[in-house]
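First the structure, in the form of C-alpha coordinates, and then the observations on it.
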Amino acid sequence: MDALIWNIMSVNTQQAFERLIKMHRRNHYQFIGLMEPKQQARTLERYTNRIGFSQAMSNVSNKIWLTLKLNHTESKVEFVLTLVYAKCDAVERIELWDSLYDIASDINLPWLVGGDFNVIWDEEEKFGGLPIHINEIDDFRQCINTCNLSDLGFKGSIYTWWNGRLEEDCIFERLGRCVSNSEFQQTFPGIEVQHLPKIGSYHSPLKLKCHKETPPVKKPFRFLNFWVEHASFKELVKENWKADFSANPFIIFNHKMKKLKKALSVWSKETFGDIFQKVASLEEVVLIHEAEFEANPTKLNRQRLQKVQAVLIKFLALEEKYWKQKTGMAWFKDGDRNTKFFHAHVRGRRKKLQLNRIQNRQGVWIEEEEEIAAEAIKVFEEQFTENSIPTYFHIIDNVPTLIDMGKNEELIKQPTMEEVRAAVFGLNGDSAGGPDGFTGKFYQSCWEIIGDDLFDMVRAFFNGHDLPKRVTHTNLVLIPKKKEVCTFSDLDIKGNT
(Lines give C-alpha, C1' and ligand atoms only; values in the text may rest on other atoms or scores of the structure.)
Protein backbone atom coordinates (compact mmCIF):
# COMPACT_ATOMS: atom_id res chain seq x y z
CA MET A 1 0.00 0.00 0.00
CA ASP A 2 1.36 3.41 -1.04
CA ALA A 3 0.27 6.52 0.87
CA LEU A 4 1.06 10.23 0.98
CA ILE A 5 1.02 12.64 3.94
CA TRP A 6 1.56 16.33 3.16
CA ASN A 7 1.21 19.69 4.83
CA ILE A 8 0.20 21.33 1.59
CA MET A 9 0.01 24.88 3.00
CA SER A 10 1.71 27.17 0.49
CA VAL A 11 1.78 30.60 -1.07
CA ASN A 12 1.05 28.82 -4.34
CA THR A 13 -1.70 26.37 -3.45
CA GLN A 14 -2.75 25.79 -7.05
CA GLN A 15 0.74 24.59 -8.00
CA ALA A 16 0.76 22.25 -4.98
CA PHE A 17 -2.60 20.71 -5.91
CA GLU A 18 -1.60 20.32 -9.56
CA ARG A 19 1.46 18.44 -8.39
CA LEU A 20 -0.69 16.27 -6.12
CA ILE A 21 -2.89 15.30 -9.08
CA LYS A 22 0.12 14.32 -11.18
CA MET A 23 1.70 12.30 -8.34
CA HIS A 24 -1.53 10.40 -7.72
CA ARG A 25 -2.01 9.58 -11.39
CA ARG A 26 1.53 8.23 -11.48
CA ASN A 27 1.60 6.36 -8.14
CA HIS A 28 -2.08 5.51 -7.48
CA TYR A 29 -1.98 6.17 -3.74
CA GLN A 30 -4.37 4.13 -1.61
CA PHE A 31 -4.44 6.90 1.00
CA ILE A 32 -3.67 10.63 0.92
CA GLY A 33 -3.62 12.70 4.11
CA LEU A 34 -3.49 16.47 3.66
CA MET A 35 -2.96 19.19 6.23
CA GLU A 36 -4.48 22.44 4.94
CA PRO A 37 -5.68 25.71 6.56
CA LYS A 38 -9.43 26.02 6.96
CA GLN A 39 -9.69 29.11 4.75
CA GLN A 40 -8.53 27.03 1.78
CA ALA A 41 -10.93 24.13 2.36
CA ARG A 42 -13.03 25.01 -0.73
CA THR A 43 -9.95 24.88 -2.92
CA LEU A 44 -9.06 21.52 -1.43
CA GLU A 45 -12.53 20.12 -2.12
CA ARG A 46 -12.41 21.27 -5.75
CA TYR A 47 -9.06 19.60 -6.42
CA THR A 48 -10.04 16.49 -4.46
CA ASN A 49 -12.87 15.89 -6.92
CA ARG A 50 -10.39 16.14 -9.79
CA ILE A 51 -8.28 13.45 -8.17
CA GLY A 52 -11.31 11.17 -7.96
CA PHE A 53 -10.23 10.02 -4.50
CA SER A 54 -12.69 11.61 -2.15
CA GLN A 55 -13.41 8.42 -0.22
CA ALA A 56 -9.84 8.02 1.01
CA MET A 57 -8.89 11.68 1.20
CA SER A 58 -8.47 12.98 4.75
CA ASN A 59 -8.12 16.67 5.52
CA VAL A 60 -6.86 18.00 8.83
CA SER A 61 -8.43 21.44 8.77
CA ASN A 62 -8.27 23.60 11.89
CA LYS A 63 -7.65 20.46 13.96
CA ILE A 64 -4.54 19.22 15.65
CA TRP A 65 -5.07 15.51 15.02
CA LEU A 66 -7.28 13.02 13.22
CA THR A 67 -7.35 9.28 13.98
CA LEU A 68 -8.58 6.70 11.46
CA LYS A 69 -8.90 2.92 11.51
CA LEU A 70 -7.81 1.45 8.19
CA ASN A 71 -7.38 -1.92 6.50
CA HIS A 72 -4.27 -2.79 4.51
CA THR A 73 -5.39 -3.36 0.90
CA GLU A 74 -3.19 -6.41 0.34
CA SER A 75 -3.14 -8.28 3.65
CA LYS A 76 -6.41 -6.90 5.07
CA VAL A 77 -4.57 -6.19 8.33
CA GLU A 78 -6.31 -3.56 10.47
CA PHE A 79 -4.24 -0.67 11.80
CA VAL A 80 -4.69 2.82 13.23
CA LEU A 81 -3.44 5.99 11.52
CA THR A 82 -3.21 9.32 13.32
CA LEU A 83 -2.58 12.44 11.25
CA VAL A 84 -1.18 15.39 13.21
CA TYR A 85 -0.98 19.11 12.50
CA ALA A 86 0.75 20.58 15.53
CA LYS A 87 0.55 24.20 16.60
CA CYS A 88 3.55 26.49 16.25
CA ASP A 89 3.54 27.45 19.92
CA ALA A 90 5.08 24.98 22.41
CA VAL A 91 2.32 25.57 24.98
CA GLU A 92 -0.46 25.03 22.45
CA ARG A 93 1.20 21.79 21.32
CA ILE A 94 0.58 20.27 24.76
CA GLU A 95 -2.99 19.58 23.66
CA LEU A 96 -1.64 17.33 20.90
CA TRP A 97 0.71 15.47 23.26
CA ASP A 98 -2.17 14.86 25.68
CA SER A 99 -4.27 13.48 22.83
CA LEU A 100 -1.52 11.07 21.82
CA TYR A 101 -1.18 9.93 25.44
CA ASP A 102 -4.90 9.10 25.48
CA ILE A 103 -4.74 7.17 22.22
CA ALA A 104 -1.67 5.20 23.31
CA SER A 105 -3.34 4.13 26.56
CA ASP A 106 -6.13 2.37 24.64
CA ILE A 107 -4.33 1.24 21.51
CA ASN A 108 -4.13 -2.50 20.84
CA LEU A 109 -3.47 -2.42 17.08
CA PRO A 110 -0.54 -1.44 14.87
CA TRP A 111 -0.36 2.35 15.11
CA LEU A 112 1.17 4.85 12.70
CA VAL A 113 1.43 8.57 13.50
CA GLY A 114 2.49 11.00 10.78
CA GLY A 115 2.26 14.63 9.77
CA ASP A 116 3.59 18.02 10.78
CA PHE A 117 4.74 17.97 14.43
CA ASN A 118 6.10 21.54 14.19
CA VAL A 119 9.07 20.63 16.40
CA ILE A 120 12.46 19.04 15.79
CA TRP A 121 14.09 16.19 17.71
CA ASP A 122 17.65 17.58 17.97
CA GLU A 123 19.97 20.21 16.49
CA GLU A 124 20.88 17.95 13.54
CA GLU A 125 17.39 18.55 12.16
CA LYS A 126 17.78 22.32 11.79
CA PHE A 127 19.82 24.61 9.53
CA GLY A 128 19.95 28.36 10.11
CA GLY A 129 17.96 30.50 12.51
CA LEU A 130 18.41 30.79 16.25
CA PRO A 131 19.93 27.97 18.34
CA ILE A 132 17.41 25.48 19.63
CA HIS A 133 16.42 25.28 23.29
CA ILE A 134 16.10 21.84 24.79
CA ASN A 135 12.97 22.96 26.68
CA GLU A 136 11.15 23.34 23.35
CA ILE A 137 11.58 19.68 22.43
CA ASP A 138 11.47 17.99 25.85
CA ASP A 139 7.69 17.59 25.73
CA PHE A 140 7.91 16.10 22.23
CA ARG A 141 10.54 13.56 23.20
CA GLN A 142 8.67 12.66 26.37
CA CYS A 143 5.47 12.06 24.42
CA ILE A 144 7.07 9.88 21.73
CA ASN A 145 8.96 7.78 24.28
CA THR A 146 6.04 7.40 26.67
CA CYS A 147 3.70 6.34 23.84
CA ASN A 148 6.29 3.69 22.83
CA LEU A 149 6.66 5.20 19.39
CA SER A 150 9.86 5.28 17.33
CA ASP A 151 10.94 7.14 14.21
CA LEU A 152 10.61 5.18 10.96
CA GLY A 153 13.58 6.90 9.35
CA PHE A 154 13.51 8.34 5.85
CA LYS A 155 15.16 8.67 2.47
CA GLY A 156 16.03 11.97 0.82
CA SER A 157 16.74 15.35 2.38
CA ILE A 158 16.60 15.52 6.16
CA TYR A 159 14.75 18.86 6.03
CA THR A 160 10.99 18.72 5.43
CA TRP A 161 10.30 22.46 5.78
CA TRP A 162 11.77 25.72 4.49
CA ASN A 163 10.57 29.08 5.75
CA GLY A 164 10.69 30.52 2.21
CA ARG A 165 13.19 33.22 3.16
CA LEU A 166 16.73 33.92 2.07
CA GLU A 167 19.98 35.30 3.43
CA GLU A 168 20.28 35.31 7.23
CA ASP A 169 16.55 34.57 7.62
CA CYS A 170 16.76 31.26 5.73
CA ILE A 171 15.78 28.28 7.91
CA PHE A 172 15.44 24.56 7.14
CA GLU A 173 13.95 22.11 9.64
CA ARG A 174 12.60 18.60 9.88
CA LEU A 175 9.06 19.24 11.09
CA GLY A 176 7.28 16.41 9.28
CA ARG A 177 7.91 12.80 10.27
CA CYS A 178 6.34 9.37 10.68
CA VAL A 179 6.54 7.37 13.91
CA SER A 180 4.93 4.08 14.89
CA ASN A 181 4.68 1.49 17.63
CA SER A 182 6.53 -1.82 17.52
CA GLU A 183 3.38 -3.72 16.44
CA PHE A 184 3.17 -1.62 13.27
CA GLN A 185 6.83 -2.20 12.45
CA GLN A 186 6.45 -5.94 13.00
CA THR A 187 3.35 -6.03 10.81
CA PHE A 188 4.97 -3.97 8.06
CA PRO A 189 8.70 -4.74 8.27
CA GLY A 190 9.21 -3.25 4.80
CA ILE A 191 7.86 0.20 5.75
CA GLU A 192 9.71 2.97 3.96
CA VAL A 193 9.36 6.77 4.26
CA GLN A 194 10.66 9.13 1.59
CA HIS A 195 10.88 12.93 1.77
CA LEU A 196 9.85 14.22 -1.66
CA PRO A 197 11.08 17.58 -3.05
CA LYS A 198 9.37 20.79 -1.91
CA ILE A 199 7.52 21.82 -5.06
CA GLY A 200 4.44 24.00 -4.70
CA SER A 201 4.80 24.05 -0.92
CA TYR A 202 7.36 24.87 1.72
CA HIS A 203 6.75 21.37 3.15
CA SER A 204 8.01 18.06 1.77
CA PRO A 205 5.37 15.43 1.01
CA LEU A 206 5.98 12.23 3.00
CA LYS A 207 5.60 9.18 0.76
CA LEU A 208 4.99 5.87 2.56
CA LYS A 209 5.35 2.34 1.25
CA CYS A 210 3.57 -0.04 3.62
CA HIS A 211 4.09 -3.36 1.88
CA LYS A 212 4.29 -6.55 3.93
CA GLU A 213 7.78 -7.57 2.92
CA THR A 214 10.49 -9.65 4.50
CA PRO A 215 12.53 -7.43 6.85
CA PRO A 216 15.83 -6.35 5.34
CA VAL A 217 18.85 -8.42 6.25
CA LYS A 218 20.96 -6.81 8.93
CA LYS A 219 24.06 -5.49 7.26
CA PRO A 220 27.34 -6.84 8.62
CA PHE A 221 30.03 -4.54 9.95
CA ARG A 222 32.22 -3.04 7.24
CA PHE A 223 35.26 -0.91 8.01
CA LEU A 224 35.32 2.29 5.91
CA ASN A 225 38.83 3.35 5.02
CA PHE A 226 38.12 7.08 5.25
CA TRP A 227 37.57 6.66 8.99
CA VAL A 228 41.34 6.59 9.53
CA GLU A 229 41.60 10.18 8.27
CA HIS A 230 39.52 11.56 11.13
CA ALA A 231 41.45 13.14 14.00
CA SER A 232 39.65 11.16 16.72
CA PHE A 233 39.89 7.74 15.05
CA LYS A 234 43.10 6.44 16.61
CA GLU A 235 42.18 7.73 20.04
CA LEU A 236 38.92 5.79 19.80
CA VAL A 237 40.82 2.63 18.85
CA LYS A 238 43.18 3.06 21.81
CA GLU A 239 40.31 3.49 24.26
CA ASN A 240 38.50 0.38 23.08
CA TRP A 241 41.51 -1.87 22.46
CA LYS A 242 41.56 -3.07 26.02
CA ALA A 243 40.65 -6.28 27.84
CA ASP A 244 40.22 -6.70 31.59
CA PHE A 245 40.95 -10.45 31.63
CA SER A 246 43.65 -12.94 30.61
CA ALA A 247 43.00 -15.71 28.12
CA ASN A 248 44.15 -17.42 24.96
CA PRO A 249 45.63 -14.84 22.49
CA PHE A 250 42.92 -15.74 19.98
CA ILE A 251 40.15 -15.05 22.51
CA ILE A 252 41.76 -11.78 23.58
CA PHE A 253 42.13 -10.58 20.00
CA ASN A 254 38.59 -11.62 19.10
CA HIS A 255 37.19 -9.87 22.20
CA LYS A 256 38.96 -6.62 21.36
CA MET A 257 37.83 -6.73 17.74
CA LYS A 258 34.18 -7.19 18.73
CA LYS A 259 34.42 -4.40 21.28
CA LEU A 260 35.99 -2.11 18.69
CA LYS A 261 33.31 -2.92 16.10
CA LYS A 262 30.55 -1.67 18.38
CA ALA A 263 32.49 1.46 19.30
CA LEU A 264 33.29 2.26 15.65
CA SER A 265 29.66 1.80 14.61
CA VAL A 266 28.44 4.27 17.24
CA TRP A 267 31.30 6.69 16.56
CA SER A 268 30.69 6.65 12.79
CA LYS A 269 26.99 7.42 13.26
CA GLU A 270 27.77 10.33 15.59
CA THR A 271 30.71 11.68 13.57
CA PHE A 272 29.62 11.22 9.96
CA GLY A 273 25.95 10.30 10.21
CA ASP A 274 24.24 9.16 7.02
CA ILE A 275 26.43 10.77 4.37
CA PHE A 276 23.89 10.14 1.62
CA GLN A 277 21.12 11.93 3.50
CA LYS A 278 23.44 14.80 4.35
CA VAL A 279 24.45 15.17 0.69
CA ALA A 280 20.78 15.33 -0.33
CA SER A 281 20.03 17.90 2.37
CA LEU A 282 23.04 20.09 1.64
CA GLU A 283 22.36 20.07 -2.11
CA GLU A 284 18.93 21.52 -1.34
CA VAL A 285 20.44 24.27 0.83
CA VAL A 286 23.08 25.10 -1.80
CA LEU A 287 20.42 25.51 -4.49
CA ILE A 288 18.64 28.12 -2.37
CA HIS A 289 21.85 30.07 -1.72
CA GLU A 290 22.90 29.86 -5.37
CA ALA A 291 19.59 31.36 -6.47
CA GLU A 292 19.94 34.16 -3.92
CA PHE A 293 23.51 34.95 -4.98
CA GLU A 294 22.49 35.08 -8.66
CA ALA A 295 19.64 37.46 -7.83
CA ASN A 296 21.69 39.57 -5.42
CA PRO A 297 25.48 39.01 -5.91
CA THR A 298 26.70 40.68 -2.72
CA LYS A 299 29.83 39.76 -0.78
CA LEU A 300 27.75 38.47 2.13
CA ASN A 301 25.67 36.20 -0.12
CA ARG A 302 28.84 34.86 -1.72
CA GLN A 303 30.30 34.02 1.70
CA ARG A 304 27.12 32.19 2.72
CA LEU A 305 27.13 30.23 -0.53
CA GLN A 306 30.80 29.31 -0.20
CA LYS A 307 30.27 28.15 3.39
CA VAL A 308 27.52 25.66 2.54
CA GLN A 309 29.37 24.60 -0.63
CA ALA A 310 32.45 23.75 1.46
CA VAL A 311 30.41 21.49 3.73
CA LEU A 312 28.76 19.85 0.72
CA ILE A 313 32.13 19.24 -0.95
CA LYS A 314 33.35 17.56 2.23
CA PHE A 315 30.48 15.06 2.25
CA LEU A 316 30.68 14.57 -1.52
CA ALA A 317 34.29 13.53 -1.04
CA LEU A 318 33.26 11.03 1.65
CA GLU A 319 30.53 9.68 -0.61
CA GLU A 320 33.02 9.18 -3.44
CA LYS A 321 35.49 7.42 -1.15
CA TYR A 322 32.71 5.12 0.02
CA TRP A 323 31.79 4.12 -3.53
CA LYS A 324 35.41 3.67 -4.56
CA GLN A 325 35.92 1.24 -1.69
CA LYS A 326 32.63 -0.56 -2.33
CA THR A 327 33.26 -0.97 -6.05
CA GLY A 328 36.90 -1.97 -5.46
CA MET A 329 38.12 0.21 -8.30
CA ALA A 330 41.74 0.64 -7.30
CA TRP A 331 42.54 1.93 -10.79
CA PHE A 332 40.18 4.90 -10.40
CA LYS A 333 42.30 7.67 -8.87
CA ASP A 334 40.95 10.99 -10.04
CA GLY A 335 37.94 12.18 -11.95
CA ASP A 336 34.60 13.88 -11.75
CA ARG A 337 32.04 12.80 -9.20
CA ASN A 338 29.78 10.25 -10.86
CA THR A 339 27.81 8.18 -8.38
CA LYS A 340 25.68 6.70 -11.17
CA PHE A 341 28.83 5.11 -12.58
CA PHE A 342 29.69 3.67 -9.16
CA HIS A 343 26.16 2.34 -8.75
CA ALA A 344 26.28 0.73 -12.18
CA HIS A 345 29.63 -0.87 -11.40
CA VAL A 346 28.30 -2.36 -8.14
CA ARG A 347 25.17 -3.65 -9.88
CA GLY A 348 27.34 -5.20 -12.58
CA ARG A 349 29.48 -7.02 -10.02
CA ARG A 350 26.41 -8.27 -8.17
CA LYS A 351 24.88 -9.49 -11.43
CA LYS A 352 28.01 -11.48 -12.23
CA LEU A 353 27.96 -13.08 -8.78
CA GLN A 354 24.35 -14.19 -9.08
CA LEU A 355 23.64 -17.89 -9.64
CA ASN A 356 20.44 -18.34 -11.60
CA ARG A 357 20.88 -22.09 -12.10
CA ILE A 358 23.40 -24.88 -11.47
CA GLN A 359 23.88 -28.46 -12.59
CA ASN A 360 23.52 -31.07 -9.86
CA ARG A 361 25.56 -34.27 -9.51
CA GLN A 362 23.18 -36.12 -11.82
CA GLY A 363 23.68 -33.52 -14.55
CA VAL A 364 20.21 -32.01 -14.14
CA TRP A 365 19.88 -28.22 -14.20
CA ILE A 366 18.09 -26.76 -11.17
CA GLU A 367 16.88 -23.15 -10.84
CA GLU A 368 15.00 -22.89 -7.54
CA GLU A 369 16.97 -21.09 -4.80
CA GLU A 370 16.17 -23.69 -2.14
CA GLU A 371 17.25 -26.55 -4.41
CA ILE A 372 20.49 -24.73 -5.33
CA ALA A 373 21.29 -24.16 -1.64
CA ALA A 374 20.55 -27.79 -0.75
CA GLU A 375 22.74 -29.06 -3.58
CA ALA A 376 25.63 -26.83 -2.52
CA ILE A 377 25.41 -28.15 1.05
CA LYS A 378 25.45 -31.75 -0.17
CA VAL A 379 28.52 -31.18 -2.35
CA PHE A 380 30.56 -29.63 0.43
CA GLU A 381 29.41 -32.20 2.99
CA GLU A 382 30.68 -34.98 0.73
CA GLN A 383 33.98 -33.19 0.15
CA PHE A 384 34.71 -32.60 3.83
CA THR A 385 33.20 -35.74 5.34
CA GLU A 386 35.21 -38.97 5.70
CA ASN A 387 33.41 -42.27 6.14
CA SER A 388 36.42 -44.26 7.30
CA ILE A 389 39.67 -43.40 9.08
CA PRO A 390 42.81 -44.66 7.28
CA THR A 391 45.10 -46.91 9.35
CA TYR A 392 47.76 -47.71 6.74
CA PHE A 393 50.43 -45.06 6.22
CA HIS A 394 53.33 -47.03 4.68
CA ILE A 395 52.87 -45.08 1.47
CA ILE A 396 54.45 -42.10 3.22
CA ASP A 397 57.75 -44.04 3.27
CA ASN A 398 57.84 -43.71 -0.51
CA VAL A 399 57.67 -39.93 -0.40
CA PRO A 400 61.20 -38.60 -0.89
CA THR A 401 62.72 -36.13 1.56
CA LEU A 402 63.39 -32.92 -0.38
CA ILE A 403 64.80 -30.74 2.41
CA ASP A 404 67.63 -31.21 4.86
CA MET A 405 67.60 -30.48 8.59
CA GLY A 406 68.99 -26.99 8.10
CA LYS A 407 66.18 -25.99 5.77
CA ASN A 408 63.63 -27.65 8.07
CA GLU A 409 64.84 -25.62 11.05
CA GLU A 410 64.52 -22.49 8.96
CA LEU A 411 60.93 -23.40 8.14
CA ILE A 412 59.82 -24.13 11.70
CA LYS A 413 61.60 -21.31 13.48
CA GLN A 414 59.58 -18.77 15.43
CA PRO A 415 58.15 -15.84 13.45
CA THR A 416 59.51 -12.41 14.31
CA MET A 417 57.70 -9.14 14.82
CA GLU A 418 59.38 -7.79 11.67
CA GLU A 419 58.01 -10.66 9.59
CA VAL A 420 54.47 -10.18 10.87
CA ARG A 421 54.68 -6.43 10.29
CA ALA A 422 55.93 -7.01 6.73
CA ALA A 423 52.97 -9.34 6.10
CA VAL A 424 50.52 -6.73 7.40
CA PHE A 425 51.94 -3.88 5.34
CA GLY A 426 52.09 -6.17 2.34
CA LEU A 427 48.29 -6.28 2.30
CA ASN A 428 46.37 -4.18 -0.20
CA GLY A 429 44.75 -1.55 2.01
CA ASP A 430 42.02 -0.89 -0.56
CA SER A 431 41.01 -4.51 -0.99
CA ALA A 432 37.75 -5.92 0.37
CA GLY A 433 37.62 -6.65 4.09
CA GLY A 434 37.74 -10.15 5.52
CA PRO A 435 34.88 -11.98 7.27
CA ASP A 436 35.37 -9.71 10.27
CA GLY A 437 34.72 -6.62 8.12
CA PHE A 438 38.14 -5.02 8.69
CA THR A 439 40.30 -4.09 5.71
CA GLY A 440 44.06 -4.06 5.39
CA LYS A 441 43.92 -0.28 5.87
CA PHE A 442 42.79 -0.80 9.46
CA TYR A 443 45.64 -3.15 10.36
CA GLN A 444 48.20 -0.85 8.76
CA SER A 445 46.96 2.42 10.23
CA CYS A 446 46.55 0.94 13.74
CA TRP A 447 49.66 -1.24 13.79
CA GLU A 448 51.23 0.57 16.75
CA ILE A 449 48.04 -0.14 18.76
CA ILE A 450 47.16 -3.70 17.73
CA GLY A 451 50.57 -4.96 16.64
CA ASP A 452 51.56 -6.69 19.90
CA ASP A 453 48.25 -8.55 20.18
CA LEU A 454 48.38 -9.58 16.55
CA PHE A 455 51.95 -10.87 16.96
CA ASP A 456 50.96 -12.87 20.07
CA MET A 457 48.12 -14.47 18.11
CA VAL A 458 50.40 -15.37 15.18
CA ARG A 459 53.04 -16.78 17.50
CA ALA A 460 50.41 -18.86 19.35
CA PHE A 461 49.25 -20.26 16.02
CA PHE A 462 52.80 -21.25 15.02
CA ASN A 463 53.29 -22.97 18.36
CA GLY A 464 50.33 -25.27 17.82
CA HIS A 465 47.70 -23.56 19.98
CA ASP A 466 44.24 -24.55 18.82
CA LEU A 467 41.92 -21.92 17.39
CA PRO A 468 38.95 -21.56 19.75
CA LYS A 469 35.51 -22.18 18.29
CA ARG A 470 33.47 -19.16 17.16
CA VAL A 471 36.59 -17.01 16.76
CA THR A 472 36.17 -14.99 13.61
CA HIS A 473 39.19 -15.28 11.35
CA THR A 474 40.80 -12.06 10.19
CA ASN A 475 41.72 -11.34 6.61
CA LEU A 476 45.38 -11.93 7.45
CA VAL A 477 46.97 -15.12 6.17
CA LEU A 478 48.73 -16.62 9.17
CA ILE A 479 50.53 -19.41 7.33
CA PRO A 480 53.54 -18.19 5.31
CA LYS A 481 53.77 -19.48 1.75
CA LYS A 482 57.11 -21.17 2.45
CA LYS A 483 55.32 -23.65 4.71
CA GLU A 484 53.78 -25.14 1.58
CA VAL A 485 57.10 -26.77 0.61
CA CYS A 486 56.97 -29.10 3.64
CA THR A 487 56.61 -32.76 2.61
CA PHE A 488 54.79 -35.62 4.30
CA SER A 489 58.07 -36.77 5.82
CA ASP A 490 58.26 -33.50 7.74
CA LEU A 491 54.79 -33.89 9.22
CA ASP A 492 53.44 -35.90 12.11
CA ILE A 493 50.39 -38.03 11.35
CA LYS A 494 48.33 -35.78 13.71
CA GLY A 495 49.19 -32.75 11.63
CA ASN A 496 51.83 -31.15 13.84
CA THR A 497 55.05 -29.86 12.26
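What residue, among those in the stretch 173-186 that are out of contact with any Leu (no Cβ under 9 Å at 6 or more places or on another chain) and crowded, with 20+ Cβ neighbours inside 10 Å, is farthest from Thr146 (Cα to Cα)? So, considering only residues that are out of contact with any Leu (no Cβ under 9 Å at 6 or more places or on another chain) and crowded, with 20+ Cβ neighbours inside 10 Å, the one farthest from Thr146 (Cα to Cα) is Glu173.
What's the number of the condition Ser157 fails, among (1) touching a His at 6+ places or on another chain (Cβ under 6 Å); (2) more than 30 Å from Leu300 (Cβ to Cβ)? Of (1) touching a His at 6+ places or on another chain (Cβ under 6 Å); (2) more than 30 Å from Leu300 (Cβ to Cβ), only one is false for Ser157: (2). Applying a threshold of 7 Å to beta carbon distances and a minimum spacing of six or more residues, or different chains, the list of pairs starting in the stretch 234-260 at a residue that is of a type in the set (Gly, Ala, Ser) and ending at one that is assigned to a helix (DSSP H, G or I) reads Ala243/Ile252; Ala243/His255; Ala243/Lys256.
Among the residues of the stretch 401-431, what is the count of those that are within 30 Å of Gln325 (Cα to Cα) and of a type in the set (A, V, I, L, M, F, W, C)? Counting residues in the stretch 401-431 that are within 30 Å of Gln325 (Cα to Cα) and of a type in the set (A, V, I, L, M, F, W, C) gives 7. I need the full set of residues from the stretch 204-221 which are in contact with an Asp or Glu (Cβ under 9 Å, 6 or more places away or on another chain) and modelled with pLDDT of 85 or more, in order please. Correct list: Lys207, Leu208, Phe221. So which pairs qualify, if the first residue must be in the stretch 98-123 and open to solvent by 40 Å² or more (accessible area, probe 1.4 Å), the second must be at pLDDT below 90, the Cβ gap must be under 6 Å, and the two must be at least 6 apart or on different chains? Hits for this filter: Glu123/Ile132. Note on the stretch 232-249: residues that are at pLDDT 90 or above and in a loop (DSSP other than H, G, I, E, B) total 2. Among the criteria (1) within 30 Å of the chain's Cα centre (by Cα); (2) outside any helix (DSSP H, G or I), the one Lys441 does not fulfil is (2).
Considering each residue of the stretch 264-314, count those that are aromatic (Phe, Trp, Tyr) and outside any helix (DSSP H, G or I), and give that number. Explain how you work it out, then say what you get.
Of the stretch 264-314, the ones aromatic (Phe, Trp, Tyr) are 267, 272, 276, 293.
Filter once more, keeping what is outside any helix (DSSP H, G or I): 272.
Final tally of qualifying residues: 1.
The strands (runs of 3 or more DSSP E) found wholly in the stretch 1-107 and carrying at least 2 residues that are modelled with pLDDT of 70 or more and polar (S, T, N, Q) occupy 65-71.
Annotation for the stretch 272-282: at least one member residue is within 30 Å of Lys198 (Cβ to Cβ), open to solvent by 30 Å² or more (accessible area, probe 1.4 Å), of a type in the set (D, E, K, R) and touching a residue at least 60 places away in the same chain (Cβ under 8 Å).
One residue stands out among those in the stretch 297-341 that are aliphatic (A, V, I, L, M), modelled with pLDDT of 80 or more and under 23 Å from Phe272 (Cβ atoms): the one that is nearest to the chain's Cα centre (by Cα), which is Leu318.
Out of Gly153, Gly129, Gly164, which single residue is out of contact with any Gly (no Cβ under 8 Å at 6 or more places or on another chain), modelled with pLDDT of 85 or more and assigned to a loop (DSSP other than H, G, I, E, B)? Working first, answer last.
Values: Gly129 fails: modelled with pLDDT of 85 or more; Gly164 fails: modelled with pLDDT of 85 or more.
Only one candidate qualifies: Gly153.
The set of residues in the stretch 142-163 that are surrounded by 14 or more Cβ atoms within 10 Å (Cβ to Cβ) and not polar (S, T, N, Q) comprises Cys143, Ile144, Cys147, Leu149, Leu152, Phe154, Lys155, Gly156, Ile158, Tyr159, Trp161, Trp162.
Looking at the stretch 364-428, what helices (runs of 4 or more DSSP H) fall wholly within it and have at least 3 residues that are surrounded by 10 or more Cβ atoms within 10 Å (Cβ to Cβ) and touching a helix residue (DSSP H, G or I) at 6+ places or on another chain (Cβ under 9 Å)?
On the way: elements: 369-383, 405-412, 417-425.
Because the criterion is at least 3 residues that are surrounded by 10 or more Cβ atoms within 10 Å (Cβ to Cβ) and touching a helix residue (DSSP H, G or I) at 6+ places or on another chain (Cβ under 9 Å), the helices (runs of 4 or more DSSP H) in the stretch 364-428 that meet it are 405-412, 417-425.
Residues considered: Asn398, Asn408. Of these, the only one that is touching a residue at least 60 places away in the same chain (Cβ under 8 Å) and not aliphatic (A, V, I, L, M) is Asn408. Pairs meeting the criteria (first residue in the stretch 305-323 and closer than 15 Å to Phe127 by Cα and open to solvent by 30 Å² or more (accessible area, probe 1.4 Å), second residue part of a helix (DSSP H, G or I) and aliphatic (A, V, I, L, M), beta carbons under 8 Å, at least 6 apart or on different chains) are Gln309/Val286; Val311/Leu282.
The values are calculated or read from the model by the stated rules, or taken from the named source; none is laboratory data. Quantities reported herein were computed from a predicted structural model and do not represent experimental measurements. Every residue, glycine among them, receives a Cβ derived from its backbone with ideal geometry; neighbour counts consider all protein chains shown. Note: areas computed on protein heavy atoms with side chains; ligands, DNA, RNA excluded. Shrake-Rupley method; radii C 1.70, N 1.55, O 1.52, S 1.80 Å.
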